[in-house]
1. Using a Gaussian network model of chain B whose springs link C-alpha atoms within less than 10 Å, name the residue from B:96, B:32, B:55 with the highest mean-square fluctuation.
2. Below 8 Å between Cα atoms, with a sequence gap of 6+, how large is the relative contact order for chain B in percent?
3. Can you give me the three principal axis dimensions of chain A from its C-alpha atoms, in Å, biggest first?
4. Amide H to amide H under 5 Å from residue B:17: which residues, 5+ apart in sequence or cross-chain, H placed 1.01 Å off N in plane?
5. How many lysine pairs are close in chain A, with Cα atoms under 19 Å apart and the two 8 or more places apart or on different chains?
6. With charges set only on the Cβ (+1 for Lys and Arg, -1 for Asp and Glu), what does the dipole of chain A come to about its Cα centre, in debye to the nearest 20?
7. I'd like to know which of B:34, B:80, B:91 lies farthest towards the positive end of the charge dipole of chain B, counting +1 on Cβ of Lys and Arg and -1 on Cβ of Asp and Glu.
8. Taking chain B as a Gaussian network, where each spring joins two C-alpha atoms under 10 Å apart, which residue of B:93, B:67, B:53 fluctuates the most?
Amino acid sequence: AQSVTQLDSHVSVSEGTPVLLRCNYSSSYSPSLFWYVQHPNKGLQLLLKYTSAATLVKGINGFEAEFKKSETSFHLTKPSAHMSDAAEYFCVVSERMFSGGYNKLIFGAGTRLAVHP
Amino acid sequence: DTGVSQDPRHKITKRGQNVTFRCDPISEHNRLYWYRQTLGQGPEFLTYFQNEAQLEKSRLLSDRFSAERPKGSFSTLEIQRTEQGDSAMYLCASSLVGRGLTSGANVLTFGAGSRLTVL
């Protein structure tokens, strides 16, 4: 069964410092992994996705994530935080099925990122 | 605006009343999904449609819940005899899948959600 664990419910950083949001996943088959961001009163927005191509995935707004199969991790990073990055971030797993069909997205519980001046 | 639209954005109702939410997906998308998000949690899958066919329902979707997508375009999610435990954000998303498209990615575009408060 698929599952996602976001290791921190809250992360607080100063503007201009690096961001690290941690995610571990469990999947029986070849997973697709995503990071979504949710700003207040706005819909979930895709930051980046991993689908078995390059293990280092670059997303929007300077975010990137590295797929590490040996560690079953997909941590999200950004070199320098901006005030506008303050939001809720969700790590998501979806399994690829050989028979096709919809692979449910399984969301983590979320990490709330606070950015201080 | 060509994104996913949801209506209403907020609904306050009394326990026992029926409520209906509407979702208008991106017009060329053939799949439509409903998720539920409670406070402090990530979204949980409820159901999805491919065109007008409802292909999967979660065990979270009790018999008080019904979803339709009659013409393969917009969708409605109705909750009958609401309970306080139904209070949540109901999210709709859509995607385009099919032959020739990149497989495995299945990127969903989400609406802003409909927040339900049951008193």
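Taken together, the values in this text are just the output of simple stated rules run on the coordinates, not laboratory data. These numbers come from a predicted model, not from an experiment. In this analysis, Cβ positions are derived from the backbone assuming ideal geometry, glycine residues included, and neighbour counts consider all displayed protein chains.
1. B:55
2. Numbers: 285 pairs, mean separation 43.2, N = 119.
Once divided by the residue count of chain B, the mean separation gives 36 percent.
3. 49, 30, 22
4. Those lying under 5 Å, H to H, from residue B:17 are B:82.
5. Here the count comes out as 9.
6. On the way: 10 positive and 8 negative charges, 53 e Å.
My answer is approximately 260 debye.
7. Highest projection toward the positive end goes to B:80.
8. B:53
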